[in-house]
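The values are calculated or read from the model by the stated rules, or taken from the named source; none is laboratory data. Computed from a predicted structure; not experimentally measured. Please note: Cβ atoms are built from the backbone with ideal geometry, for glycine as well, and neighbour counts cover all protein chains shown. Quick note on the areas: whole protein, heavy atoms, side chains included, nothing else; ligands and nucleic acids left out. Shrake-Rupley method; radii C 1.70, N 1.55, O 1.52, S 1.80 Å.
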Amino acid sequence: MPINPSNSLMNNSFTLKPGTLRQQTTLSQYQHQRDHFVANPALAYIYSLAATDTTGGQANARYTLERFSRFLLGSTFDRIDWIILLTTPDLIEKAMASFLIHRAQTKAKMKGLFYDPQRSLKNLHINPLKKALLEVGNYCHQQQQISLSQLADWQCSIEKFSVQNQPTITLEQGWLPPLLTEKTLDIELTSQAKIMLEAFSCFCLRPCIERMDWHSVLYAPVLQTAMQSFLSSRLTMKSSDRKQDYAPATADNLLRMLRGVAHHAWLSESISVETLQRIKAIKLPRGSRQSSGRYLSYTDLDQISALTLAQSNKIKALRDNAIFWLMYESGLRRAEVIGLDVGDIDLYLCKIRVMGKGNKERYVPFSKGSDLYAAIERWLTVRLQHSEKISSFFCGVNRYQQLTSQRLTTQTLNDLCKHIHQLGFSRRISPHDFRHSVATNLLRSGYDLLLVSKFMGHSSITTTQRYDRRTDDELQGVTPGR
């Protein structure tokens, strides 16, 4: 029997009628985001990418496109109506608290974590923001825009501010309307204070990427000129008569992202297919750079392992040693290392199940006679004895040599590499140096480029070629023959 659309019972069954305020708010936000993505192709492109905890995916695209938008629009803090904030001390406290909480929530979301006010509101760089806001107050007082008593109230509100003392937050991103004309703030700030002031201003007015009229830029001649100007503005003077050119990868990434924005504009029928093809036809000067990765030999790893195992916290030492050997002999990315669960390690089959970039699964093999097998076996023995309820393979270890349920972060791996240098290793290293080294070791062992690319989880062998750290001395014996 066909369904009668006029049936009131059927209409009532399939009509979404949220009953609570939370449901209504969620639905309203979803509809707002959907309409916003259609109108803003840059946001549509960003959310089409994979969300990762690394500099790739959504984080990298948002960061790059935000800088490009800011270059075209100018500094956001020059469009803030500071007098409203300067004359309302309670408002600036709510604005600061709302900004910091929004920042912590965004950071937790990008890492795939739940927002926890007890942990997520730590290390938010409040002091640089406070210094910047105090300088804004002093500047406006010097310009006779506020009185001395208003300046004193402003300084008192900024200095006593604490995000934990804000029980109710009502301000959302974009709560403040921007000025129609810019009012330049002629103040001197440190780079970190300037970054925080810009980020705070973007929260009040909305980020540049959202305020940008992308449809006015998505024309091939306009876009190419804007890209060249943006890239040229980032050049640094190498000497009095010579400029240091930008890295080709920087230009390639920007062009790739802007093509993605144009593609989503075409999907929403905002631009024609001819305009899209012209944008895709934009070419930039080609070139290449040597990768910055530093090679680590097995001798270096033996030294790193010895320094690690000599730590007083023996449980942490075993965990860190397993992390270093895992990065060196399996070539896992930082996010892949911290994302491992206990069930992903198979010591019997000697395989590691890895969920890599773009939600792509792969299996990385290792041998029973390897240093990696020995390090994992020692850590896994301790790991299972202390706790069976923690799912993450690498978890936190407190100073009492007890395991915690907290999963490690990518910053933890950065800190481990810095700590090794402090313990006496000869030079500074980064987690990605281990990944470069395993690719070089495999190529030296005679494995072909395609196999190495699959082992590393690269979608293109061109990326694997950039990981090759073999020296020019090894090319001496490579000569053509009859």
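Rundown of residues vs (1) over 30 Å from Gln228 (Cα atoms); (2) of a type in the set (S, T, N, Q); (3) open to solvent by less than 30 Å² (accessible area, probe 1.4 Å), yes/no style:
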residue	(1), (2), (3)
Ile271	no, no, yes
Thr275	no, yes, yes
Leu307	yes, no, no
Ala310	yes, no, no
Leu326	yes, no, yes
Val337	yes, no, yes
Gly356	yes, no, yes
Lys360	yes, no, no
Thr381	yes, yes, no
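Of all residues in segment 144-159 being outside any helix (DSSP H, G or I) and of a type outside the set (Ser, Thr, Tyr), which is surrounded by the fewest Cβ atoms within 10 Å (Cβ to Cβ)?
Gln144
Take the residues in segment 404-432 that are out of contact with any helix residue (DSSP H, G or I) (no Cβ under 8 Å at 6 or more places or on another chain) and part of a helix (DSSP H, G or I), then tell me which one is farthest from Arg353 (Cα to Cα).
Gln422
For Ala51, which of the numbered conditions (1) open to solvent by less than 80 Å² (accessible area, probe 1.4 Å); (2) at pLDDT below 55; (3) in a loop (DSSP other than H, G, I, E, B) fails to hold?
Among (1) open to solvent by less than 80 Å² (accessible area, probe 1.4 Å); (2) at pLDDT below 55; (3) in a loop (DSSP other than H, G, I, E, B), the lone unmet condition for Ala51 is (2).
Contact list please: Cβ distance under 8 Å, first residue in segment 351-378 and at positive phi, second residue in a loop (DSSP other than H, G, I, E, B) and modelled with pLDDT under 90, pairs at least six apart or on different chains.
If the second residue must be in a loop (DSSP other than H, G, I, E, B) and modelled with pLDDT under 90, the pairs left are Gly358/Ala50; Gly358/Ser459; Asn359/Ala50.
Which of (1) open to solvent by 20 Å² or more (accessible area, probe 1.4 Å); (2) of a type outside the set (Val, Ile, Thr); (3) over 30 Å from Tyr45 (Cβ atoms); (4) at pLDDT 90 or above is the odd one out, the single condition Arg79 does not satisfy?
Among (1) open to solvent by 20 Å² or more (accessible area, probe 1.4 Å); (2) of a type outside the set (Val, Ile, Thr); (3) over 30 Å from Tyr45 (Cβ atoms); (4) at pLDDT 90 or above, Arg79 violates only (3).
Looking only at segment 383-399, count how many residues are among the polar types (S, T, N, Q), modelled with pLDDT of 85 or more and open to solvent by 40 Å² or more (accessible area, probe 1.4 Å).
1
Is at least one residue of segment 400-417 open to solvent by 50 Å² or more (accessible area, probe 1.4 Å) and within 27 Å of Thr299 (Cα to Cα)?
Among the residues of segment 400-417, at least one is open to solvent by 50 Å² or more (accessible area, probe 1.4 Å) and within 27 Å of Thr299 (Cα to Cα), which makes the answer yes.
Looking only at segment 187-205, which residues are assigned to a loop (DSSP other than H, G, I, E, B) and open to solvent by 80 Å² or more (accessible area, probe 1.4 Å)?
The answer is Glu188, Thr190.
For Lys316, are the conditions met, namely being out of contact with any Ser or Thr (no Cβ under 7 Å at 6 or more places or on another chain), within 24 Å of Ala59 (Cβ to Cβ) and at pLDDT 90 or above?
no
Taking the stated definitions as given, is Ser162 open to solvent by less than 40 Å² (accessible area, probe 1.4 Å), at pLDDT below 90 and of a type in the set (Ser, Thr, Tyr)?
yes
Quick one: is Ile345 of a type in the set (Val, Ile, Thr) and surrounded by fewer than 23 Cβ atoms within 10 Å (Cβ to Cβ)?
Judged against the criteria, Ile345 is a match.
Suppose we filter segment 165-201 for residues that are hydroxyl-bearing (Ser, Thr, Tyr) and modelled with pLDDT of 90 or more; how many remain?
1
Does Leu332 count as surrounded by 14 or more Cβ atoms within 10 Å (Cβ to Cβ) and modelled with pLDDT under 95?
Yes; evaluated as a whole, the condition is true for this residue.
Condition test on Leu134, is it open to solvent by less than 50 Å² (accessible area, probe 1.4 Å), among the hydrophobic types (A, V, I, L, M, F, W, C) and without any contact (Cβ under 8 Å) to a residue 60 or more places away in the chain?
It is true that Leu134 is open to solvent by less than 50 Å² (accessible area, probe 1.4 Å), among the hydrophobic types (A, V, I, L, M, F, W, C) and without any contact (Cβ under 8 Å) to a residue 60 or more places away in the chain.
Would a scan of segment 362-373 turn up a residue that is surrounded by fewer than 14 Cβ atoms within 10 Å (Cβ to Cβ) and of a type in the set (A, V, I, L, M)?
Scanning segment 362-373, I find no residue that is surrounded by fewer than 14 Cβ atoms within 10 Å (Cβ to Cβ) and of a type in the set (A, V, I, L, M), so the answer is no.
When you go through Lys109, Lys122 one by one, which is the residue that is modelled with pLDDT under 90 and within 22 Å of Tyr47 (Cβ to Cβ)? Before you say what the answer is, go through the steps one by one.
Values: Lys122 fails: within 22 Å of Tyr47 (Cβ to Cβ).
It is Lys109.
For segment 334-376, how many residues are in a loop (DSSP other than H, G, I, E, B) and closer than 21 Å to Gly396 by Cβ?
2
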